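Novice: I am attaching a structure below and will ask some questions about it afterwards.
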Amino acid sequence: MEMAILKYHVLDFIKKNQVKPIPAKIYPGLKNITQITENFKNNLANQTILKELCQYCLTFKNYILAEALINFLIEIDSNNKDYYFFKATILFLKKNIDASLEKLEKYLNFICSSDLLTRDIMSELEKGEITNYYMFFLPNILQKYKLPIPTSEFNLYLFPYSMHDANQTIQQRYAIYLGYYCDRLQEHFRDLLKGLLDEEYELNGDTTWYHLNAGKLQWLLHNRPSADYHFQKSKELAPETSVYFDNEDSGVYSWLTEKRYQNFEQANKHDDPFHLEKWQWSYADLKDQQADLLFILGCDSRYLKYLPKFLFTLVKAHKRVDFQSKIVLALALENPSSQQKEFLKDISEFIHNTIPNMHITYGYGSSLYRDAAYFTCLRFLFAEKLYQRYPTKTFILDIDLTVTEDFFSKKFPLFSNYDFGLRLFAFDKNGDQLVGAPWCLGAGITYLNHSEITPKILHFIEHYIKRAYDPHNFTNWCIDQCALSQAVEQFIRPSWKNLVIKDIDQENLFDLSNYFKSKNDFYYQSPYISENNFKEQIQLLLH
């Protein structure tokens, strides 16, 4: 199409559209189409303007004009790889799959290190029924080959896409990609996100993925009843299509509505689904003295191997201040072997006799459940009980981390007087969540130092987990984060402005295993500390 003819059709299309309501699913910058039009008249070859006009046409589903505009952009700059991806997207929306794949291959030639790599990716996209929905598989395949995912504004127009004739594999991939894209709109484009979700519901109806993303949006808008409704619907609908979430979105299966947890402490008072009352405990006797700091950890027998490294780094950091603070480390261990029980008894006595002001409390038992979600919850299930015995500043931690060497000498003295330390990467300074699901509040490191609120939080979390844990769930993986998030919402947020709350990730108090390439790299990091050499390494450290 010649530029003069294209100009006429574009301007005519815009003129006719100006009498129509502006769609909700439109980028804010495209709402002022009059200014874009004037700029276009003055400079027909301005690439930014042409791209905006292309997006405008896609907003109103005029794929013919959008394709003509992208063709002109390719004529202007044939070395811009993004233009080939844009054209592949437009052709995909026109359901011209062969032509779309052809343009995608040109895009891949720019980002792949070899023709062989391009061919490998293309062959994965051209398998059976996947081909007709390949755009929703592309991000995962690019990640597999360690290539960047295209993050263009054009991705918006892939959604909604009809899933009525798609099989479970395709719906699963679509649901994941839609969630990924919705999350990217949460902070700055909530009106746009609402428009997208409205269109998604209109096209695909009641789906587990629609309700998940609608629930997250309503949570960010502080509409708790609506968020609860959508999360509950998402969980209920999952079995109908067998579309499930096994990533950070899996918290939807452990989310309790506000109605469900009201007064559940009383209803659940004598319920012991994990057989915790049968656990055996060995408590450190502080001789009526007050602990200065309590660390609470929990794990199963396989993760006990990380305890020596944590304990060694704790002793090392404590030594730098001449063991001035009185510390209690409490461990809940699921299903230990007889050798592991002996190890705990041995090191608790060794620490008591060797390290001033350091004590170990430990307990063990066995549950019907053997999944990682339950093991992760152990530290929270016993936290209230342990806090009642040692009421002091408290850290509840993952076991696979280490204490930084200047923890006591430099960092913790500044941190110790805060009321709470939470993983607030999704929150602003006012306590408002900006992005993500409610359960994206990280539970790997939690600091509590408020004598009135802390017991309420620990009591709530224990009973929440007992009520929400369901062996029939697809997964319970985010259950501790769900419990912590709801505890924060109920007990901390109402008083946020009157409390001193810090983002604990910014303080660098601990080194987490996920800072390393793998847990093995973390475990074998120098100095290598194990059950076998722990006492020897402590003796070397002291002398």
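Novice: Residue under question is HIS318, and the condition is that it be under 18 Å from LEU541 (Cβ atoms) and out of contact with any helix residue (DSSP H, G or I) (no Cβ under 7 Å at 6 or more places or on another chain); does it hold?
Specialist: Values: under 18 Å from LEU541 (Cβ atoms): yes; out of contact with any helix residue (DSSP H, G or I) (no Cβ under 7 Å at 6 or more places or on another chain): no.
No.
Novice: When you go through GLU105, GLU129 one by one, which is the residue that is within 27 Å of ASP77 (Cβ to Cβ), in a helix (DSSP H, G or I) and more than 23 Å from the chain's Cα centre (by Cα)? Before you say what the answer is, go through the steps one by one.
Specialist: On the way: GLU129 fails: within 27 Å of ASP77 (Cβ to Cβ).
None of the other options fit; the residue is GLU105.
Novice: OK, next. Touching a residue at least 24 places away in the same chain (Cβ under 8 Å) and crowded, with 17+ Cβ neighbours inside 10 Å: is that true of GLN490 in this structure?
Specialist: Working: touching a residue at least 24 places away in the same chain (Cβ under 8 Å): yes; crowded, with 17+ Cβ neighbours inside 10 Å: no.
Judged against the criteria, GLN490 is not a match.
Novice: Given the conditions (1) surrounded by fewer than 20 Cβ atoms within 10 Å (Cβ to Cβ); (2) of a type outside the set (A, V, I, L, M); (3) under 31 Å from the mean Cα position of the chain (by Cα), and given that THR313 satisfies all but one, which numbered condition is not satisfied?
Specialist: Looking at each condition in turn, THR313 falls short on (1).
Novice: Restricting attention to the stretch 500-522, which residues are more than 20 Å from TRP439 (Cα to Cα), of a type outside the set (D, E, K, R) and surrounded by 17 or more Cβ atoms within 10 Å (Cβ to Cβ)?
Specialist: The answer is LEU509, PHE510, SER513, PHE522.
Yes/no per residue for (1) crowded, with 21+ Cβ neighbours inside 10 Å; (2) assigned to a helix (DSSP H, G or I); (3) in contact with a strand residue (DSSP E or B) (Cβ under 7 Å, 6 or more places away or on another chain):
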site	(1), (2), (3)
HIS188	no, no, no
TYR210	yes, yes, no
ASN213	yes, yes, no
PRO225	no, yes, no
PHE231	yes, yes, no
LEU237	no, yes, no
LYS259	no, yes, no
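Novice: Does the stretch 133-147 contain at least one residue that is in contact (Cβ under 8 Å) with a residue 40 or more places away in the chain, within 22 Å of ILE97 (Cα to Cα), out of contact with any Lys or Arg (no Cβ under 6 Å at 6 or more places or on another chain) and outside any helix (DSSP H, G or I)?
Specialist: Initially, the stretch 133-147 is screened for residues in contact (Cβ under 8 Å) with a residue 40 or more places away in the chain, giving 133-136, 139.
The next check asks that each one be within 22 Å of ILE97 (Cα to Cα); those that pass are 133-136, 139.
The next check asks that each one be out of contact with any Lys or Arg (no Cβ under 6 Å at 6 or more places or on another chain); those that pass are 133-135, 139.
Now restrict to residues that are outside any helix (DSSP H, G or I): none.
Looking for residues that are in contact (Cβ under 8 Å) with a residue 40 or more places away in the chain, within 22 Å of ILE97 (Cα to Cα), out of contact with any Lys or Arg (no Cβ under 6 Å at 6 or more places or on another chain) and outside any helix (DSSP H, G or I), one finds none in the stretch 133-147, hence no.
Novice: Residues that are touching a Lys or Arg at 6+ places or on another chain (Cβ under 7 Å) and at negative phi: does the stretch 93-109 have at least one?
Specialist: So the first thing to find is which residues in the stretch 93-109 are touching a Lys or Arg at 6+ places or on another chain (Cβ under 7 Å), and the list is 103, 107.
Filter again for at negative phi, leaving 103, 107.
Yes; the residues of the stretch 93-109 include at least one that is touching a Lys or Arg at 6+ places or on another chain (Cβ under 7 Å) and at negative phi.
Novice: Condition test on GLY431, is it part of a loop (DSSP other than H, G, I, E, B), crowded, with 18+ Cβ neighbours inside 10 Å and of a type in the set (Gly, Ala, Ser)?
Specialist: It is true that GLY431 is part of a loop (DSSP other than H, G, I, E, B), crowded, with 18+ Cβ neighbours inside 10 Å and of a type in the set (Gly, Ala, Ser).
Novice: If you don't mind, there's one more thing I want to ask. For the stretch 286-302: of the residues being within 18 Å of ALA383 (Cα to Cα) and of a type in the set (D, E, K, R), which is surrounded by the most Cβ atoms within 10 Å (Cβ to Cβ)?
Specialist: ASP300
Novice: Within the group GLU240, GLU236, GLU153, GLU129, which residue is modelled with pLDDT under 95 and closer than 23 Å to ALA468 by Cα?
Specialist: Details: GLU236 fails: modelled with pLDDT under 95; GLU153 fails: closer than 23 Å to ALA468 by Cα; GLU129 fails: closer than 23 Å to ALA468 by Cα.
Checking each option against the conditions leaves just GLU240.
Novice: For the stretch 439-486, which positions are β-branched (Val, Ile, Thr), part of a helix (DSSP H, G or I) and surrounded by fewer than 21 Cβ atoms within 10 Å (Cβ to Cβ)?
Specialist: ILE453
Novice: Continuing with this model, one more query. Looking at the stretch 116-141, which of its residues are surrounded by fewer than 13 Cβ atoms within 10 Å (Cβ to Cβ) and touching a helix residue (DSSP H, G or I) at 6+ places or on another chain (Cβ under 8 Å)?
Specialist: Selection gives GLU129 alone.
Novice: Right, next: Identify, from the list SER526, SER518, the residue that is without any contact (Cβ under 8 Å) to a residue 24 or more places away in the chain and over 30 Å from ASP183 (Cβ atoms). Can you show your working first?
Specialist: Values: SER518 fails: over 30 Å from ASP183 (Cβ atoms).
On inspection, the qualifying residue turns out to be SER526.
The values are calculated or read from the model by the stated rules, or taken from the named source; none is laboratory data. What you are looking at is a predicted structure, and each value in this text was computed from that prediction instead of being measured. Don't worry about glycine lacking a Cβ; one is built from the backbone with ideal geometry, like all the others, and counts go over all protein chains shown.
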